[in-house]
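A short write-up of the structure that comes next.
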Amino acid sequence: MFKTKKSRPDVAGEAKTFSSMDVARIAQVSLRQLQWWDERKVASPRHEGHKRVYSPEEVIEITVIAELRRKGFSLQKIRRVLRFLQREMGKRLSDVLAGGSELHLLTANDGRAIYLEDQHARIVDLMKNAQQPMFLVCVSDQARRLSETPARKPARAETAAAAKKAKLG
């Protein structure tokens, strides 16, 4: 008799993911806007076939991008903020997702001064002492919006692809 190889569960696949439709609704942007950001490498999700699949961290980034765009930030300034977020939010993002703290992103109009704060007194001090208008985005609120969205069900094509991959691997 032949021994069959047992397929291990795909741990990464078990994490909550979001479809483009979910992300567009959460961030209040169009599907075309998401596609454009992906094409310009502003926010690049994982691709499964022709579908875009977003992790919770990517959705938070996109909601922050959407907020900054609504406030008139250019793509260049947004890229600067995103580099800062990617550098600073490693562990702190997981804290936000776990609901451990209130985290706020503050940035000057020019996008050069960027702060990530969880202490209300520091936020007030930064805004008082700013030499130009400061914009505030509550990252915790963006994370809470994710918990209001149900997890997406994998499409038939995704489950078929996963089964094929397990069979080959």
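Below is a table of values for the structure above.
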quantity	calculated
Count of the stretch 20-32 residues which are in a helix (DSSP H, G or I), free of Cβ contacts under 8 Å to residues at least 24 places away in the same chain and more than 23 Å from residue 140 (Cβ to Cβ)	3
When residues of the stretch 94-120 are limited to those that are at pLDDT 75 or above and either assigned to a helix (DSSP H, G or I) or among the aromatic types (Phe, Trp, Tyr) (or both), the one surrounded by the fewest Cβ atoms within 10 Å (Cβ to Cβ)	120
Yes/no for residue 123 being modelled with pLDDT of 80 or more and touching a helix residue (DSSP H, G or I) at 6+ places or on another chain (Cβ under 8 Å)	no
Enumeration of residues in the stretch 20-47 that are farther than 21 Å from residue 76 by Cβ, surrounded by 16 or more Cβ atoms within 10 Å (Cβ to Cβ) and either over 14 Å from the mean Cα position of the chain (by Cα) or among the aliphatic types (A, V, I, L, M) (or both)	23, 24, 26
Inter-residue pairs, beta-carbon under 9 Å, first in a loop (DSSP other than H, G, I, E, B) and in the stretch 64-85, second crowded, with 17+ Cβ neighbours inside 10 Å and among the hydroxyl-bearing types (Ser, Thr, Tyr), 6+ apart	73/107
Any hit, the stretch 51-65, residues being among the aromatic types (Phe, Trp, Tyr), closer than 23 Å to residue 138 by Cα and over 14 Å from the mean Cα position of the chain (by Cα)	no
Breaking point among (1) at pLDDT 90 or above; (2) over 23 Å from residue 113 (Cα atoms); (3) surrounded by 12 or more Cβ atoms within 10 Å (Cβ to Cβ); (4) not aromatic (Phe, Trp, Tyr), for residue 13	(1)
Filter result (in a helix (DSSP H, G or I), within 18 Å of residue 21 (Cβ to Cβ), modelled with pLDDT of 60 or more and of a type outside the set (A, V, I, L, M)) within the stretch 143-169	145, 147
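The values are calculated or read from the model by the stated rules, or taken from the named source; none is laboratory data. Just so we're clear, the structure is a prediction, and the values are computed from it rather than from any experiment. So basically every Cβ, Gly included, is an ideal-geometry build from the backbone, and we count neighbours across all protein chains shown.
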